[in-house]
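Take a look at the structure below.
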Amino acid sequence: QQPVQSPQAVILREGEDAVINCSSSKALYSVHWYRQKHGEAPVFLMILLKGGEQKGHEKISASFNEKKQQSSLYLTASQLSYSGTYFCGTPGSGGSNYKLTFGKGTLLTVNP
Amino acid sequence: EAQVTQNPRYLITVTGKKLTVTCSQNMNHEYMSWYRQDPGLGLRQIYYSMNVEVTDKGDVPEGYKVSRKEKRNFPLILESPSPNQTSLYFCASSFSYSNTEAFFGQGTRLTVV
């Protein structure tokens, strides 16, 4: 099952903050985050491996709440270069399920 | 340079004409997979491979075949393409499916008429 992302789209002005959420109906063991710019391939941002773990990349950070089966991506003081579609990915539990399933994406537009 | 290479980048074909999209990675990754991307539906996994000769269905496998005879290559085969397979396709590879970064190819835009 695809994880559910919200919002579907968000428009910001440069310098504003945004939060993108990713939730799953199944237990999460890790969460991946990727960004895809228009016409390009998705590019890795970060992986969160343990419950409660937070990671950051410049002004983009993320948290992972195992109990709530959700993760959030935080974009602080957004820049024009942050525009794109953000995907979260949730791996299967192993055993017979080695899928890596992505959500439908969140389109982020940063305007000057 | 570490990369995943897909070919072709663009392809227009007719219904029923068998085609193969190639994917090759130079990072010695064990896990490879194919996704299709359609507007509003995100990235949906078609097939994946844990290693040579080990493949399994993803979420949307109907109408597709794959093989993994060598570690570096993971071709996607459409035996009898139909218009509903018109889509943007991405190949991806990583060391593991769960806790390592996935590298994506540049994509193949397929149109079936």
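Each of B:V54, B:M32, B:V14 was placed along the dipole of chain B (beta-carbon charges, centred on the mean Cα), and the one lying farthest toward the positive end is B:V14. Phi angles across the stretch B:23-40 convert, under the Karplus curve 6.51 cos²θ - 1.76 cosθ + 1.60 with θ = phi - 60°, into 3J(HN,Hα) values of 9, 9, 10, 10, 10, 6, 6, 8, 9, 9, 8, 10, 10, 10, 10, 10, x, x Hz, Gly and Pro given as x. Phi angles across the stretch B:10-17 convert, under the Karplus curve 6.51 cos²θ - 1.76 cosθ + 1.60 with θ = phi - 60°, into 3J(HN,Hα) values of 9, 8, 10, 9, 9, 3, x, 8 Hz, Gly and Pro given as x.
Each of A:L108, A:L73, A:Y98 was placed along the dipole of chain A (beta-carbon charges, centred on the mean Cα), and the one lying farthest toward the positive end is A:Y98. Dipole magnitude for chain A: about 320 debye, using +1 per Lys or Arg Cβ and -1 per Asp or Glu Cβ, origin at the Cα centre. The GluC sites (Glu not before Pro) found in the stretch A:1-93 that occupy coil by DSSP, while having at most 14 further C-beta atoms within 10 Å, are A:E14, A:E16, A:E40, A:E58.
Of the trypsin sites (Lys or Arg not before Pro) found in the stretch B:16-98, those in coil by DSSP whose Cβ has at most 13 other Cβ atoms within 10 Å are B:K17, B:K18, B:K69.
Taking every alpha-carbon pair under 8 Å whose residues sit at least 6 apart, chain A reaches a relative contact order of 36 percent.
Can you give the Rg/Rh ratio of the stretch B:51-113, where Rg is from the C-alpha atoms and Rh is the Kirkwood radius?
Computed over Cα atoms, the ratio is 0.97.
Averaged over all directions, how much area does the convex hull of the C-alpha atoms of the protein assembly as shown cover when projected, in nm²?
Details: hull surface 48.5 nm².
Over every viewing direction, the Cα hull of the protein assembly as shown projects on average to 12.1 nm².
A Gaussian network model of chain B, with springs between Cα atoms under 10 Å, assigns the largest mean-square fluctuation among B:G40, B:G58, B:G16 to B:G40. Residue pairs exceeding 21 angstrom between C-alpha atoms, taken from A:K104/B:K69; A:K99/B:K71; A:K26/A:K99; A:K55/B:K71; B:K17/B:K57; A:K37/B:K17: A:K104/B:K69; A:K55/B:K71; B:K17/B:K57; A:K37/B:K17.
Of B:V14, B:V66, A:V10, how do they rank once you tally other Cβ atoms within 10 Å and put the fewest first?
Working: B:V14 11, B:V66 21, A:V10 18.
Lowest count first: B:V14, A:V10, B:V66.
Pick out which of A:N97, A:N65, A:N21 has the largest mean-square fluctuation in a Gaussian network model of chain A, springs linking Cα atoms closer than 10 Å. For chain A, modelled as a Gaussian network with Cα springs under 10 Å, the answer is A:N97.
The string of couplings for the stretch A:30-41 from the Karplus curve (6.51, -1.76, 1.60, θ = phi - 60°) is 6, 9, 9, 10, 9, 10, 10, 7, 4, x, 10, 7 Hz, one whole number per residue in order, with x for Gly and Pro. Loop-located trypsin sites (Lys or Arg not before Pro) in the stretch A:18-112 (DSSP state other than H, G, I, E, B) with a sparse environment of at most 12 neighbouring Cβ atoms within 10 Å: A:K50, A:K67, A:K68.
Rounded to the nearest Å, what's the spacing between the alpha carbon centres of the stretch A:1-32 and the stretch B:28-42? Just the number, please. A separation of 19 Å, based on Cα centres.
Read-outs throughout are calculated quantities, based only on the coordinates presented, and are distinct from any laboratory measurement. A quick note: this is a predicted structure, and the numbers were derived from the prediction, not measured. Positions of Cβ are generated from backbone atoms using ideal geometry, with glycine treated the same way; all protein chains shown enter the neighbour counts.
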